[in-house]
Structures are given as C-alpha cells and as structure tokens.
Amino acid sequence: GRSEMLMMALSATVLLGIVTKWPSCVRAVLFGWMLAITISVGLGISLHETFGRHETWTLVFSGLAGTLFLAGSRWWEAGTTWWQRPLQTVGAVEGVVLGLVLSFKDTWPSSSWNVTPHGQIWASMVAAVWPVAAVTLWVLACRRRDERELLMGALPLATIVSYALVNLTGAREAGMLVMNLYLFALGVGTLTSGVRSQRLGLVNAGMLVLAAVILCRFFDADLGFVTRGVAFIVLGIGFLVTNLVMLRRKGAAQ
C-alpha cells in the first residue's frame with residue numbers, strides 16, 4: 001500500500017515536470033495515458049483485493065474520474081485533441097460510464113459499506129482521498145468559470161449526495177434520480193457549450209450523453225422492440241440533423 005502511494009507520488013511529480021515544459025510532446029502524452037490507465041486499473045484491483053464487498057466504490061471511482069478530468073484541465077489544457085489530453089479523456093469516459101451505471105436503481109447498495117477489520121483503515125483512506133481531491137479541484141475550478149470543468153467535475157458531488165440520500169432514506173431510487181438529473185444536466189450543458197463555441201465535437205459529446213441516458217431508461221423500462229426501434233431511429237435523425245446544421249453554420253461563418 002505505501003509503496004504504491006510512493007510510486008504514484010513520484011510518477012505524478014515526473015509527469016508534472018514534463019507537462020509544464022512540453023505539454024504536447026509525445027513523451028508527455030504517452031506518460032499521461034499510461035498514468036491515467038494504470039491508476040484506474042490499479043484502483044479497481046485494490047478495491048477488489050483489499051475491500052471485498054465494499055459499497056463505497058461509487059465514491060472512490062467518481063472521485064478518481066473527477067480528479068483525472070479536473071487535474072488534466074488544470075495542468076494539461078494546451079492539448080488541442082482528445083489524444084493530447086489523456087487525463088481529461090480518461091476521466092470524462094470513466095465519469096460518464098460510471099454515471100450511466102449509477103443511473104440504474106439496482107446498482108446502488110442497500111446497506112452501508114462492509115470491510116474486514118484488517119483493511120478498514122486502508123479502505124477508509126483510499127475511499128476518502130479521491131473524492132476529497134476531486135471536490136478540492138472542483139472548488140478551484142469555480143474561479144475559472146469553465147462550463148465543462150464545472151459540469152464534468154461535479155460528478156463526485158452528485159455521487160456523494162446520492163450516496164448520502166440512499167443511506168439516510170434507504171431508498172435506492174433517490175440515488176438513481178440524482179444521477180439521472182446530473183447526466184441530463186451534463187448532456188444539455190455540454191451541448192449548449194458546443195453550440196455557443198461552434199465546436200462540433202462538444203455538440204456530439206453532449207448529444208451522446210443525452211442519447212445514452214434516454215436509451216438506458218428505455219432499456220430499464222418495460223417497452224416493446226418497436227418502441228425501442230423508433231427511439232433509435234429518432235435519435236439517429238437527431239444526430240444527423242444537428243451535425244448538418246452545425247456544419248452549415250461553420251461554413252457560413254467562414
């Protein structure tokens with residue numbers, strides 16, 4: 001445990017030094033991808049091996065996703081493509097996937113966390129580090145007033161609220177409701193930001209989030225194949241029309 005934390009600290013120090021001088025160089029980008037993926041996989045293995053049945057995994061992974069995204073946005077904003085922004089990309093993908101998973105009622109635990117006495121201290125430390133780091137970075141991001149940072153970085157806050165409501169009320173529907181509202185706000189906010197800045201990538205990202213939420217609710221509900229098929233067609237038409245409108249606006253602006 002201590003050796004892993006020491007290696008992570010050393011890796012982060014080396015990465016920060018490289019990124020500060022050459023943020024878009026191949027070495028820095030590759031190191032960023034390696035670090036983001038290694039931390040994510042390593043955390044998953046640690047949760048499984050150390051905690052056993054650990055119900056605070058929602059807080060841990062949402063904190064990790066938020067920390068990666070906000071740290072990348074703060075120290076790696078020089079990249080112009082998703083490939084040159086490894087921490088933001090990994091954090092955003094992990095955050096959206098986690099949010100979609102938590103948008104289902106059955107994924108929320110019906111009881112508080114359960115760890116063995118041997119792993120209790122270590123479990124508590126790991127469970128607290130990532131959400132605290134993410135919330136701290138989110139508070140700092142409020143000064144920058146960047147819509148994408150505020151929306152994507154709010155995932156740990158939404159998860160904390162959801163987890164608290166589920167444990168206080170015993171109703172897993174509360175966690176499901178909060179996460180669906182958050183994902184809807186994330187999709188609409190990203191879509192709106194993309195339209196304002198005339199960035200087709202952001203528009204498509206916002207539409208993908210909204211489409212994913214809608215499709216999850218369709219599969220969650222007791223609906224027939226015809227209804228689901230119509231929903232797929234309507235969403236596809238929506239993507240096509242939006243992209244055509246954005247491309248025309250870009251052409252007119254140029």
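What follows is calculated from the coordinates using simple rules that are stated; it is not laboratory data. Note that this is a predicted model, so its numbers are computed, not measured. Every residue, glycine as well, gets a Cβ built from its backbone with ideal geometry; the counts of neighbours run over all protein chains shown.
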How much length would be gained if the chain were fully extended between residue 161 and residue 106, taking 0.36 nm per residue of separation minus their Cα-Cα distance, in nm to one decimal?
18.1 nm
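Need one word for the stretch 141-222: rounded, prolate or oblate. Basis is the Cα gyration tensor (sqrt eigenvalues a ≥ b ≥ c); a/c below 1.5 gives rounded, then a/b vs b/c decides. If you can, show how the numbers build up before the last one.
Numbers: a/c = 4.39, a/b = 1.40, b/c = 3.14.
The shape class here is oblate.
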Evaluate E = 1/(1 + (r/R0)^6) for residue 34 and residue 219, where r is the Cβ-Cβ distance and R0 equals 45 Å; express this FRET efficiency to the nearest 0.05.
0.85
Describe numerically, in nm with one decimal, the distance between label points set 7 Å from Cα along Cα→Cβ at residue 143 and at residue 244.
4.7
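So if we plug the beta-carbon distance of residue 197 and residue 128 into 1/(1 + (r/R0)^6) with R0 = 25 Å, what FRET efficiency do we get, rounded to 0.05?
Step by step, r from the Cβ atoms, then E = 0.10.
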